[in-house]
Amino acid sequence: MISRLSVFLRAADAALDAWDLYSDEHTDLDGWPYDPDAYDDRKAERDRAVWTAFKPVREEAGILLDAAEAALDRIPVPSVHNRWAWQLAQLRDALDQIAATRTEYRELLAAHPHASPEARDGAVDARNAEAWSALYRWLVHGRAVLEIHTTAMRTAAGPRIATAAPPPAPPAIASPTTRR
């Protein structure tokens, strides 16, 4: 599960980096796109890429959050960052928003089973755009789950203790002064 979250974070970072580069190159100094249609298409690609990247995490995201919250209770207080509990709450809220958006999309498709491919594509784009802010919160705060996991693993191991027995003491050698 943790590895899927890591894969999502890398993929979402790549999609956001590509978007930022595109946006910087295709907008004026006030942020207005030179070609609004191309800009909207590219934004839809970004949203689609992040939605797709989150898909393998979505079903297990609640479990990840539950595990991270439980780990916070086991991590020694000096190792806990104050922001972690807040970030987990942000992630849980974002997950609820993603689930609601997904439900609305499914209900829309069910209500229009004979919709044209163009209408379905439009519904997908609308779903992805609506979920963007929640997915972005997963991108921004998802690393907290990784940090909590790493800290819990590190603090559970405790200090490293040598497992090999110490070498035997060297044999005692009589000093020349004690031979008399």
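The values are calculated or read from the model by the stated rules, or taken from the named source; none is laboratory data. Just so it is clear, the model here is predicted, and its values are computed rather than measured. Please note: Cβ atoms are built from the backbone with ideal geometry, for glycine as well, and neighbour counts cover all protein chains shown. What goes into the accessible areas is simple: the full protein's heavy atoms, side chains included, and nothing from ligands, DNA or RNA. Shrake-Rupley method; radii C 1.70, N 1.55, O 1.52, S 1.80 Å.
Under the condition of being over 22 Å from THR151 (Cβ atoms) and exposed (fewer than 14 other Cβ atoms within 10 Å of the Cβ), the residues counted in segment 76-98 number 2. Report yes if some residue within segment 50-68 is at pLDDT below 95, surrounded by fewer than 13 Cβ atoms within 10 Å (Cβ to Cβ) and farther than 22 Å from LEU135 by Cα; otherwise report no. Scanning segment 50-68, I find no residue that is at pLDDT below 95, surrounded by fewer than 13 Cβ atoms within 10 Å (Cβ to Cβ) and farther than 22 Å from LEU135 by Cα, so the answer is no. Sub-9 Å Cβ pairs linking a first residue in segment 1-12 that is open to solvent by 10 Å² or more (accessible area, probe 1.4 Å) to a second residue that is not in a helix (DSSP H, G or I), at least 6 apart or interchain, are MET1/GLU60; ARG4/GLU60, ordered by first then second residue. Reported count of residues in segment 99-116, each being assigned to a helix (DSSP H, G or I) and either surrounded by 13 or more Cβ atoms within 10 Å (Cβ to Cβ) or of a type outside the set (Ser, Thr, Tyr) (or both), is 12.
Considering segment 117-134, the residues that are touching a helix residue (DSSP H, G or I) at 6+ places or on another chain (Cβ under 9 Å), open to solvent by 50 Å² or more (accessible area, probe 1.4 Å) and not acidic (Asp, Glu) include one that is farthest from ASP93 (Cα to Cα), namely ARG120.
Only one entry in ASP41, ASP30, ASP73 is open to solvent by 50 Å² or more (accessible area, probe 1.4 Å), in a loop (DSSP other than H, G, I, E, B) and either in contact with a strand residue (DSSP E or B) (Cβ under 8 Å, 6 or more places away or on another chain) or not aliphatic (A, V, I, L, M) (or both), namely ASP30.
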